[in-house]
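*Asks:* Please find one structure pasted underneath; my questions will follow.
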Amino acid sequence: MDAAAASPLLPERFARWFESRGWHPRAHQLELLEMARQRDSVLLVAPTGAGKTLAGFLPSLVALAARGKRKPGSAGRRGVHTLYISPLKALAVDIARNLEAPVEGIGLDIRIETRTGDTPSHKRQRQKHVPPDILLTTPEQIALLLSDAQGRQMLSGIDTIILDELHALVTSKRGDLLSLGLAALRRLSPGLRSIGLSATVAEPDDLRAYLVGQTPDEEPETKRALAGLVTVAGGAEPDISILDTAERLPWSGHSARHAVGEIYRIIKDHRTSLVFVNTRSQAEALFQALWHANDENLPIALHHGSLDVGQRRKVEAAMAAGALRAIVCTSSLDLGIDWGDVDLVVNVGAPKGASRLAQRIGRANHRMDEPSRAILVPANRFEVLECQAALAASRAGHQDTPPLRTGGLDVLAQHVLGCACAGPFDPLELYREIRSAEPYRGLGWEQFEQVVDFVATGGYALRTYERYSRLKREEDGRFRLSHPKIAQQYRLNVGTIVEAPMLKVRLVRSKADGRRTPVGRGGRWLGEIEEWFVEQLALGDTFLFAGEVLRFEGLRENEAYVSRGQAEAPKIPSYQGGKFPLSTYLAASVRAMVADPQSWTALPAQVREWLEIQQLRSALPAPDGLLVETFPRANKHYLVCYPFDGRLAHQTLGMLLTRRLERMGARPMGFVANDYALAVWCLADLGEMIGCGRLSLAELFDEDMLGDDLDAWLAESSLMKRTFRNCAVIAGLIERRHPGQEKSGRQVTISSDLIYDVLHRHEPDHILLQATWQDAATGLLDISRLGELLRRIRERIAHTPLARVSPLAVPVMLEIGKEPVYGEAQEALLADAADDLVREAMG
């Protein structure tokens, strides 16, 4: 037997199981066993295929094996020993399936169950009375259990928590909610230890601090408590290439329709492929295009979060059984799913981040010693540059996971209400508990009091309304619910993922097929679709969903009735908030690449020629500056700049620039933005205004636009109201769901807009307005990144006046006139206009 397998840390029956499979325990797996013996929390950072999951569970399996079998007929309750928390429901189900092998192979008497939003209610209720030994769940389910006295009892006495794909959990509001849940669990189970698992980490200390309880004092610079760290080096270097298409490479758009034939040939040449796209609408469009090209009837499936759970589980089971040649999927499958038979990942479109690319690539050859293979398929010319930057980052081992965020106040309000649902709470005790969570370590008492007052009364401006009175203070100073029904409403609305209101899609017989009666109930669910998209459909319209062309038959309550249809150009549902932002690291890499002609040798000939003509006709953007081009076209005058800082920051910059240009007399008419550039058009000759000194670019792009200009714009911006609406839903001020009914998206919007106006006028420092501004800085408006951009380009702005459009400006100019909802589907309609623009720029 191998020396490692004979380690005193590993019981003999476990060592025999490793040996029977031809394995030996890896050093990091034994190290986690030793840390469990010392009762230390730990972060394990290891490459894909290194056995992270087994390393995380091995200490629990060993401990549960030592506990022995339950005697038949014995009384007494055995609680949950190990809690596993995953960002994805699919991952929890996959882990449950993969744990069966060691549990059965070693002969362990261990019950393992999942608890997600898809788990039947009767099973969830039974788990409270008869808990499993290992529970696999999600952050939302933890919040639900903690809002119930029985749930808290179920979670008391936990030995170990395993947090999988920790980097994906901690950088969002879900991570805020989970951190508060962990703080509560540490109080319920004082001996609790945490294990964090991650393959991609930029700042390990942030995650190490997240895993353990903090003991902050009044000094903000107090040294953080940190979990232990185990880092696994090595792993085969991934084999990544960029598709050098034989077709004409598009100037803009995200569909990669030009490469469908090549993607299909790639699928044919491999055993099993995962084809990743960045949005659900792209997944539907690409799946349909591949089926049209599928002349050999290869089994190709579709997977994204809006499909019916039954359909998703069938696809996952078929993939696990090796019955599929490819799955077209979104981020619903880019974390931790262990399918060793996947031999290729195809990433369609730019990955938007080096760490996201590493995560997706790891789905292929899910084994540490075998290289993962991936092909990147850029959808347009700028995406070639982004893919090249991501490829260089992968080879250099760079990571760009976002930094740990400061905990959201709206999430804190939700948690405070959840604590009251479980029973009365003492505010000082709860404050201490909350500050032990790393994202809330810096929370001040005054701000905490504001949050509690908001949860109790709605705040100063709303306290006269009975409906916002949710907590009452008792004589002993504790807070309790003002009415039991509030707990029921809380549990219907728990969570931080605020998607657009959804309608269920039900398949029925079509009138065209001979149905003579009105649309009735019956037929199977296909999934859910956003309400605003359905509102734009007329009876008989066709659209793509669940991989099929569907005909809209009618709407009843929260159900959209559809039948199977046929159409040459069906619409494609788009989902709000579905696009990833371009990471700061990749943005800087793309800027450096464009500015350095020596680096162009690795680029396809089409892209190299594009940049060479740009250099000849205009100029190249400097990596730490800003190129501003001005030129006339079609009786308008354009200003195009190239910050490469992502669509959100560019859109906010465009809003503010048009306000300033209006004051300067340039008569702006509009603007468009993509991830790489911003174009503004005016009636006044911008080139002439800059040339004669009437328009100063230094003043136009001055950082002071983030002062009064920003405040004035935000006061009238619908984006700010949209951000407030999300915060109000998360904080529980507006409940989308009530027992037996659900508000429409329009009802939620009207309610939140009215409240926003009241608070803005009468209580501008309301806790929800603070939360809204915090979100605006990094969310829809990306104000913080815009501030960094304006500081970077100060005194580094170069103006190039042109007689006509430049090659680099063509992609953003092609955005003008596109419908934002159907961007991918409209590309063919704009082909003629694109050809004219390209001839002008490149001819």
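The values are calculated or read from the model by the stated rules, or taken from the named source; none is laboratory data. Worth saying up front: this structure is predicted, and the values here are computed from it rather than measured. Cβ atoms come from the backbone with ideal geometry, glycine included; neighbour counts cover every protein chain shown. Only protein heavy atoms, including side chains, enter the accessible area calculation; ligands, DNA and RNA are left aside. Shrake-Rupley method; radii C 1.70, N 1.55, O 1.52, S 1.80 Å.
*Asks:* Length gain on complete extension for the stretch residue 223 to residue 20, per 0.36 nm per residue less the alpha carbon to alpha carbon distance?
*Replies:* Extending this stretch completely gives an extra 68.4 nm.
*Asks:* Right, here's the next one. Give the angle, between 0 and 90 degrees and rounded to the nearest 10, that separates the Cα long axis of helix 718-731 from the longest principal axis of the Cα atoms of the chain.
*Replies:* Once rounded, one gets 0 degrees.
*Asks:* For the pair residue 34 and residue 121, how long in nm is the line joining their label points, each one 7 Å along Cα→Cβ?
*Replies:* Placing both labels 7 Å beyond Cα along the Cβ direction yields 5.1 nm.
*Asks:* In nm, to one decimal, how far is the residue 469 label point from the residue 323 one, both placed 7 Å along Cα→Cβ?
*Replies:* Here the answer is 5.8 nm between the modelled labels.
*Asks:* Nearest 20 debye, what's the magnitude of the dipole of the chain about its Cα centre given +1 on Lys and Arg Cβ and -1 on Asp and Glu Cβ?
*Replies:* Result for the chain is approximately 2960 debye, rounded to the nearest 20.
*Asks:* Which GluC sites (Glu not before Pro) in region 259-338 sit in a loop by DSSP (not H, G, I, E or B) and have at most 14 other Cβ atoms within 10 Å of their own Cβ?
*Replies:* 296
*Asks:* If I stretch the segment between residue 635 and residue 549 completely, what's the gain in nm (0.36 nm per residue apart, minus their alpha carbon distance), one decimal?
*Replies:* Once the chain is fully extended between residue 635 and residue 549, it gains 26.8 nm.
*Asks:* Follow-up. Measure nothing but the geometry: give the 0 to 90° angle between the long axis through the Cα atoms of 309-320 and the longest principal axis through the Cα atoms of the chain, rounded to 10°.
*Replies:* Compared with the principal axis, the helix lies near 80 degrees.
*Asks:* How high is the relative contact order of the chain, in percent, with contacts defined as C-alpha pairs under 8 Å that are six or more residues apart?
*Replies:* 11 percent
*Asks:* Okay, next question. I'd like the chymotrypsin sites (Phe, Trp or Tyr not before Pro) in region 399-475 restricted to DSSP loop residues with at most 15 other Cβ atoms within 10 Å, sorted by number.
*Replies:* 460, 465
*Asks:* If you place +1 on the Cβ of every Lys and Arg, -1 on the Cβ of every Asp and Glu, and leave all else neutral, what size is the dipole of region 117-208 about its Cα centre, to the nearest 20 Debye?
*Replies:* 460 debye
*Asks:* Report the FRET efficiency, 1/(1 + (r/R0)^6), for residue 754 and residue 795, where r is their Cβ-Cβ distance and R0 is 45 Å, rounded to 0.05.
*Replies:* After rounding, the FRET efficiency stands at 0.50.
*Asks:* Leaving out ligands, DNA and RNA, what percent of the accessible area of the chain is carbon and sulfur, probe 1.4 Å?
*Replies:* 49 percent
*Asks:* Could you tell me which residue out of 670, 294, 99 lies farthest along the dipole of the chain toward its positive end? Charges go on the beta carbon: Lys and Arg +1, Asp and Glu -1, centred on the Cα centre.
*Replies:* So the residue furthest toward the plus end is 99.
*Asks:* A 31 angstrom limit on the alpha carbon distance is what I want to check against. Which of 52/504; 173/472; 173/485; 123/268; 472/504; 128/485 exceed it?
*Replies:* Correct reply: 52/504; 123/268; 472/504.
*Asks:* If you don't mind, there's one more thing I want to ask. Whole angstrom only: what separates the Cα centroid of region 250-300 from the Cα centroid of region 770-786?
*Replies:* 35 Å
*Asks:* Of 351, 430, 136, whose Cα points farthest to the positive end of the dipole of the chain (charges on the beta-carbon: +1 Lys, Arg; -1 Asp, Glu; origin at the Cα centre)?
*Replies:* The listed residue farthest towards the positive side: 136.
*Asks:* Which one, 306, 812, 619, projects farthest toward the positive side of the charge dipole computed for the chain from Cβ point charges (K/R +1, D/E -1)?
*Replies:* Farthest towards the positive pole: 306.
*Asks:* Still on this structure, I have one more. Please list 176, 159 in order of solvent-accessible area, largest first, computed with a 1.4 Å probe with all protein chains present.
*Replies:* Correct descending sequence by accessible area is 159, 176.
*Asks:* In degrees, nearest 10, range 0 to 90: what is the angle between the Cα axis of helix 445-457 and the longest Cα principal axis of the chain?
*Replies:* 90 degrees
*Asks:* Considering only DSSP beta bridges whose two residues both sit in the chain, what percent are antiparallel, to the nearest 5?
*Replies:* So the antiparallel bridges amount to about 40 percent of the total.
*Asks:* Could I ask something else about it? Taking the solvent-accessible surface of protein heavy atoms with a 1.4 Å probe, what is the per residue accessible area of the chain in Å²?
*Replies:* 41 Å²
*Asks:* From the helices alone, meaning DSSP H stretches of at least four residues, give me the mean residue ellipticity at 222 nm for the chain, per-run term -39500 (n - 2.57), in deg cm²/dmol to the nearest 500.
*Replies:* One gets -12500 deg cm²/dmol as the mean residue ellipticity at 222 nm.
*Asks:* Count the net charge of all other residues whose Cβ sits under 15 Å from the Cβ of residue 601, scoring Lys and Arg as +1 and Asp and Glu as -1.
*Replies:* Counting the neighbours of residue 601, the net charge comes to -3.
*Asks:* Ok, one more. Looking at region 672-736, what % of the alpha carbon pairs are farther apart than 14 Å?
*Replies:* 76 percent
*Asks:* Further, regarding this structure: Looking at region 157-249, which trypsin sites (Lys or Arg not before Pro) are DSSP coil and have at most 10 other C-beta atoms within 10 Å of their C-beta?
*Replies:* Answer by residue number: 223, 248.
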